[in-house]
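Visitor: Have a look at this one before I ask anything.
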Amino acid sequence: MIPPLGPGSWAGKNPTELITLILKGLNGEIEVNDEIYKSTMPPQLKMTDQEMADVLTYVRTSFGNKFNPVTAEMVNTVRSTLLPVTK
C-alpha cells in the first residue's frame, strides 16, 4: 500500500521534486522499484520549512539511503514558487 523509502525509491530524487510532492500531495498510481502503488497522500501544508527539511533529510539519510540533506531554505524556495502568499 505504501511505497518503500529505501534505495531505488523516490528518496534519491531531486529535493525540489520531493518538496513539491509533500506540498502538493499525491493521488493515483506510482511505480517504485518495478511495483505499482496506488494510494493517497494529502498535501502537508502545515509543516514548517524546517520540519519538512528534517523529515526529508531523515528519509534521504536513513533506510540505506546516503543522499544529501534538504535545508529549510530549499523548502522555502520551492514553497514560495508553488503556493500563493496569503496575508
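Here, each number is a calculation from the coordinates, and none is a lab measurement. Keep in mind the model is a prediction, meaning the values are calculated, not measured. Cβ sites come from the backbone with ideal geometry, for glycine too, and all protein chains shown count toward neighbours.
Visitor: Can you name the residue in the range 24-46 that is of a type in the set (A, V, I, L, M) and out of contact with any strand residue (DSSP E or B) (no Cβ under 8 Å at 6 or more places or on another chain) and, of all such residues, is nearest to Ser80 (Cα to Cα)?
Guide: Leu45
Visitor: Another question, then. Restricting to the range 68-87, count the residues that are within 10 Å of Pro15 (Cα to Cα) and not in a helix (DSSP H, G or I).
Guide: The number of residues fulfilling the criteria is 4.
Visitor: Right, next: Would you call Ile30 outside any helix (DSSP H, G or I) and loosely packed, with under 13 Cβ neighbours inside 10 Å?
Guide: Against the criterion (outside any helix (DSSP H, G or I) and loosely packed, with under 13 Cβ neighbours inside 10 Å), Ile30 does not qualify.
Visitor: While we're here: What pairs can you find where one residue is in the range 14-43 and closer than 17 Å to Val78 by Cβ and touching a residue at least 12 places away in the same chain (Cβ under 8 Å), the other is of a type in the set (Val, Ile, Thr) and exposed (fewer than 10 other Cβ atoms within 10 Å of the Cβ), and their Cβ atoms are less than 8 Å apart, with a gap of 6+ or different chains?
Guide: Matching pairs, first to second residue: Gly25/Thr40; Leu26/Thr40.
Visitor: So if I check each of Asn14, Asn68, which one is loosely packed, with under 15 Cβ neighbours inside 10 Å and touching a Pro at 6+ places or on another chain (Cβ under 8 Å)?
Guide: Among Asn14, Asn68, only Asn68 is loosely packed, with under 15 Cβ neighbours inside 10 Å and touching a Pro at 6+ places or on another chain (Cβ under 8 Å).
Visitor: Which condition number in (1) in contact with a helix residue (DSSP H, G or I) (Cβ under 6 Å, 6 or more places away or on another chain); (2) part of a loop (DSSP other than H, G, I, E, B); (3) surrounded by 14 or more Cβ atoms within 10 Å (Cβ to Cβ); (4) not basic (Lys, Arg) is the one that Leu56 fails?
Guide: For Leu56, the failing item is (2).
Visitor: Right, here's the next one. For Ile19, which of the numbered conditions (1) over 14 Å from the mean Cα position of the chain (by Cα); (2) in a helix (DSSP H, G or I) fails to hold?
Guide: Single failed check for Ile19: (1).
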